[in-house]
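*Asks:* Got a structure for you, questions after.
Every read-out reported here was derived from the displayed coordinates using simple, explicitly stated rules and does not represent laboratory data. A quick note: this is a predicted structure, and the numbers were derived from the prediction, not measured. Positions of Cβ are generated from backbone atoms using ideal geometry, with glycine treated the same way; all protein chains shown enter the neighbour counts.
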Amino acid sequence: QVQLVESGGGLVPAGGSLRLSCAASGRTFSSYAMGWFRQAPGKEREFVAAISWTGRTTDYVDSVKGRFTISRDNAKNTVYLQMNSLKPEDTAVYYCAAESHGLGSRRVGAYAHWGQGTQVTVSS
């Protein structure tokens, strides 16, 4: 079992940057692939980025490639999402999620553990 707590959200002007963190409890964090998803009002939750349990493999939705970077520090049980060149359309609640023994799926259903979410608002 792993519990996830996101932090780092906030209000930022277009073109700005934020770094989201997701702290995980439990001693088996390194065996989980981790993903970041987001959900805007009235829309379905969508995949943003994922990283394998080793950290060697990453995946991004096309709309954030070149702007967002996912990384992890297994010694600190933490996964990060560095977000640069933010756009108003990036506004959403961002969730981190853990996929047991996975490589970082794009499917919401592949993740058994979710954080409570952190709000990111990008003003135009």
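*Asks:* Report ³J(HN,Hα) in whole Hz for each residue of region 15-24, in order, from the Karplus equation J = 6.51 cos²θ - 1.76 cosθ + 1.60 where θ = phi - 60°; Gly and Pro get x.
*Replies:* These are the phi-based 3J(HN,Hα) values: x, x, 9, 9, 10, 8, 10, 9, 8, 10 Hz.
*Asks:* Another question, if that's okay. Under a GNM of the chain (C-alpha, springs under 10 Å), which listed residue has the highest mean-square fluctuation: Gly26, Gly109, Gly42?
*Replies:* Maximum fluctuation in the GNM of the chain, among the listed residues, is at Gly42.
*Asks:* For region 88-93, in order, what is each residue's ³J(HN,Hα) by Karplus, 6.51 cos²θ - 1.76 cosθ + 1.60 with θ = phi - 60°, in whole Hz (x at glycine and Pro)?
*Replies:* x, 6, 7, 4, 4, 8
*Asks:* Separate question: Which chymotrypsin sites (Phe, Trp or Tyr not before Pro) from region 33-63 combine a DSSP loop assignment with at most 14 other Cβ atoms within 10 Å?
*Replies:* Values: sites: Trp36, Phe37, Phe47, Trp53, Tyr60; in loops: Trp53.
In loop regions of region 33-63 (DSSP not H, G, I, E or B), there are no sparsely surrounded chymotrypsin sites (Phe, Trp or Tyr not before Pro).
*Asks:* Along Cα→Cβ, 7 Å out, is where each label goes; now give me the distance between the ones at Ser105 and Ser85 in nm to one decimal.
*Replies:* That separation, rounded to one decimal, is 3.1 nm.
*Asks:* What is the local net charge at Gln39, summed over the other residues whose Cβ is closer than 9 Å to its Cβ (Lys, Arg +1; Asp, Glu -1)? Spell out each step's value before the answer.
*Replies:* On the way: positive: Arg38, Lys43, Arg45; negative: Glu44, Glu46.
Net local charge, Gln39 excluded: +1.
*Asks:* Just the ratio, please: alpha-carbon radius of gyration of region 12-124 over 2.2 N^0.38 Å, N its number of residues.
*Replies:* 1.00
*Asks:* Something else about it: Relative to a virtual label point 7 Å from the Cα of Ser31 in the Cα→beta-carbon direction, which members of region 53-83 show backbone nitrogen distances below 18 Å?
*Replies:* Inside the label zone: 53-55, 74-78.
*Asks:* Just need the relative contact order of the chain here, percent rounded to a whole number, with Cα pairs under 8 Å and 6+ apart.
*Replies:* Value for the chain: 36 percent.
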